[in-house]
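We did not get these values from a lab; they are worked out from the coordinates using the rules stated. What you see is a predicted model, and the numbers here were worked out from it, not measured in a lab. No Cβ is skipped: glycine too gets one built from the backbone with ideal geometry, and neighbour counts run over all protein chains shown.
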Amino acid sequence: MRYIGHGGDVYAAARELGRGVHRLLDFSASINPLGPSPAALRTIQYAEALLSHYPDPACWDLRQALASHWDQPADAFLIGNGSTELIHLLPQALQIRHLLIVGPTFSEYATAMGRSGGRVSMVMGERADGYRPPVGQVMAAMQRTAQAGRGQPAMDAVLLCNPNSPTGHACEAETVGTLASLAARRRLWCIVDETFAEYCVGTSILSRALPARTIVLRSFTKFYGLPGLRVGYAVAKAGVISRMAAQQPPWSVNMLAQRAAVAALQDVRHAGRSLRFMARERARFQKALMRLPDCTVFPSAANFLLIELPVGRQARVVVTALRRQGLLIRDCSQVPGLNDRSMRVAVRTRADNDRLLQALSVAIQGTGR
Ligand SMILES: Cc1ncc(COP(=O)(O)O)c(C=O)c1O
């Protein structure tokens, strides 16, 4: 069985600790703490009739809703069983053999490349620079690829996660646009993972015309709070979308997921409330975390915070101590480019966050140097 090092696995923790899932606090997956849109929940409650038919393989209504939301043609969208399914379609569909990953970042792209027999290279943001993506280095690597002669192992795609996980850093839309345009000119694919971009609207490149060869990935898991339904989408030129669709198994997105996603997308009130809540609570939580002795907390544009423990402490030890109490947080010590003191916590409700603060404060003092 495959161990997935990201995405909350509350079921495994519940089995291990011998307690129900509802008695765990999951800070390891960053899901909207206000939950899904009430309109999306109502849709599911009354969806019994949908179960006696196959789902719509074209995801027609959801694609129409996205087209109107983003003011793009409906054939620019492909819906997937979570954005994870789409990530795994990319290498095969676009014949990507060598992906340049801007790290430290989400591991699923490297996994997908490994599965398809491709390779990855990484350029890393530096800790001293707040893990800011080294965009200049990425552009230089693209130039070198263009200059590499025939027979040279040249990269054919670049991945930027914006805002990035687990660092929380977001690049301006203009910077990402420049990167994507350069990639198009060099005939490279530019994959932009915008799974957390609902939390920082101005950083998305979806509000402008996408260059050829740019693929943007989005999800209904995080901001829309629907991780269990599995819905994500890709946005790209129609020709790119057809190549990806050709690799996708039929009916991979169930009908409850399609209907709930439409309702969630259209619930502007819940979206506004979620954004206001996150801006307020993230600032409060971050300030409180920074009062933990010698901890560093990196500023975040998303609904999670990257914490670095004091020198001499290990994230693995603190994560294990909290897990025993039913508090799940993400150990980031194995993420290439981060050190063994790094861990990520979701921003949850005020009461949950206070509970974590208290437990963290004890765990940090109690886990020896
Ligand atoms: C940056 C990033 N991209 C994509 C995903 C996949 O999300 P999903 O498959 O739930 O849409 C995740 C989930 O953890 C993520 O953190």
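Listed highest first by mean packing, meaning other Cβ atoms within 10 Å per residue, what order do 46-52, 313-319 come in?
The most tightly packed comes first, giving 313-319, 46-52.
Figure the gain on full extension for residue 128 and residue 39 (residue separation times 0.36 nm, minus the Cα-Cα span) and round it to one decimal in nm.
Answer, rounded to one decimal: 27.7 nm.
Among 120-131, 248-259, how do they line up by average Cβ neighbours within 10 Å per residue, starting with the highest?
248-259, 120-131
Net charge around residue 218, counting only other residues with Cβ within less than 9 Å of its Cβ (Lys, Arg = +1; Asp, Glu = -1)?
Taking every other residue near residue 218 into account, the sum is -3.
Pop the C-beta distance of residue 325 and residue 284 into the FRET formula with R0 = 22 Å and round what comes out to the nearest 0.05.
0.50
Using the 10 angstrom Cβ neighbour count as an exposure proxy, how do 106, 223, 27 rank, fewest first?
106, 223, 27
Run lengths n ≥ 4 of DSSP H only: what is the helix-derived mean residue ellipticity at 222 nm for the chain, with -39500 (n - 2.57) per run over all residues, to the nearest 500?
-12000 deg cm²/dmol
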